[in-house]
Amino acid sequence: MASIIAVANLKGGVGKSTIAQNLGVSLRNSGHKVCLVDTDIEQKSTMEWGERRINRELPNIHMNLASEDRLAREISELAKSHDFVIVDGSPALSEVATKIMMVADLVVVPVMPSGNDYGALEKFLARYDDVKAMLESRGMALDLGVVLNGYNDRIIVNRAVYEAIKKLDVRIFSTEIGHRAAYQEANLVGMGVVELSDPKAANEIEKLTAEILALIK
Ligand SMILES: Nc1ncnc2c1ncn2[C@@H]1O[C@H](COP(=O)(O)OP(=O)(O)OP(=O)(O)O)[C@@H](O)[C@H]1O
Ligand SMILES: [Mg+2]
C-alpha cells in the first residue's frame with residue numbers, strides 16, 4: 001500500500017501544486033512508483049503539467065484527475081498500485097480538503113508567509129484537528145507538517161509570520177522553499193526543479209523530500 005500525502009491548504013495560490021509536482025518528481029527520481037492526483041477539476045493545473053511532461057518524454061509519473069464525489073475511492077484504489085500517492089488539493093470552499101485529509105497519512109501544508117496566509121492556516125489547522133480526532137477515534141493516525149513557501153528571511157513580514165507560526169502547536173519542516181524563478185519555470189515546462197539547473201531549488205526539494213520520508217517511515 002502506498003503512503004498518501006495530501007498537499008493542502010484552504011488558501012489558493014500558496015504553492016500546493018508546485019510542492020505536489022516537485023515532490024512527485026523527486027520521489028520518482030529516487031525510484032519510487034508515484035501517482036499524482038489533481039483534485040482541481042476546474043483548473044486541472046497539475047494534469048496539464050503532467051501533459052507537458054508526456055510531450056517532453058520525461059520519466060513517467062502516473063497522473064489522475066479525481067472529482068470530489070469519488071475522491072476517497074479513487075485515492076484508495078491508486079494506493080494499491082503505487083508507493084506514493086500525492087494529492088494536490090484544490091483551492092477550497094469545498095469539502096476537498098477534508099476528504100483528502102481523511103484518506104491521507106501525512107498532510108503537507110504550504111504557507112506563503114504573509115499575514116493573510118497565517119489566518120488561513122489557523123482555520124485549516126482547526127479542521128485538521130477535527131479530522132485527526134475522528135480518525136484517532138477509529139484507531140487511525142494522521143500527521144501534518146507546514147512548509148514555508150516563497151520564503152525570504154530578509155522580508156520583515158515573512159519573518160514575523162514565521163515567528164507567529166512557530167508559536168502554534170504545529171510541525172514546521174526545517175526546509176524553507178525560497179521564492180525562485182526555477183519553481184515557475186519548472187511548472188511551465190512540466191518538470192520538477194530537480195530536473196532543472198538551479199541547484200538551490202533542487203537542494204530545497206531534495207531536503208524536503210528527505211524530511212517527509214523520515215516522517216512516513
Ligand atoms: N517557491 C516559489 N517561488 C516562485 N514562485 C512560486 C513558488 N511557489 C509557487 N510559485 C508560483 O505561484 C503561483 C501559485 O502557485 P501554485 O499554483 O503552486 O499554488 P496553488 O496553491 O496550487 O494554487 P491554487 O490554489 O490556484 O491551486 C504559480 O504561478 C507558481 O509558479
Ligand atoms: Mg493548485
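Every read-out reported here was derived from the displayed coordinates using simple, explicitly stated rules and does not represent laboratory data. If you're wondering where the values come from, they're calculated on a predicted model, not measured in any experiment. Virtual Cβ from ideal backbone geometry, glycine too; neighbours counted across all protein chains shown.
Listed values, structure above:
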quantity: Peptides ranked, highest mean first, by Cβ atoms within 10 Å: ranges 185-191, 160-166; calculated: 185-191, 160-166
quantity: Net charge, residue 216 excluded, C-beta distance under 11 Å - Lys, Arg +1, Asp, Glu -1; calculated: -3
quantity: Greater than 24 Å apart at Cα, pairs in 99/200; 132/207; 44/132; 80/207; 123/207; 11/44; calculated: 99/200; 132/207; 44/132; 80/207; 123/207
quantity: Listed residue (31, 193, 174) projecting farthest to the positive dipole end of the chain, Cβ model; calculated: 174
quantity: Spatial separation of Cα centroids for segment 84-121 and segment 180-217, in angstrom; calculated: 19
quantity: Peptides ranked, highest mean first, by Cβ atoms within 10 Å: ranges 53-62, 1-10; calculated: 1-10, 53-62
quantity: Exposure proxy ranking, count of Cβ atoms within 10 Å, fewest first, for 14, 96; calculated: 96, 14
quantity: Fraction of beta bridges assigned by DSSP in the chain that are antiparallel (%, nearest 5); calculated: 0
quantity: Cα-centred dipole magnitude for segment 39-197, charges only on beta-carbon of K, R (+1) and D, E (-1), debye, nearest 20; calculated: 240
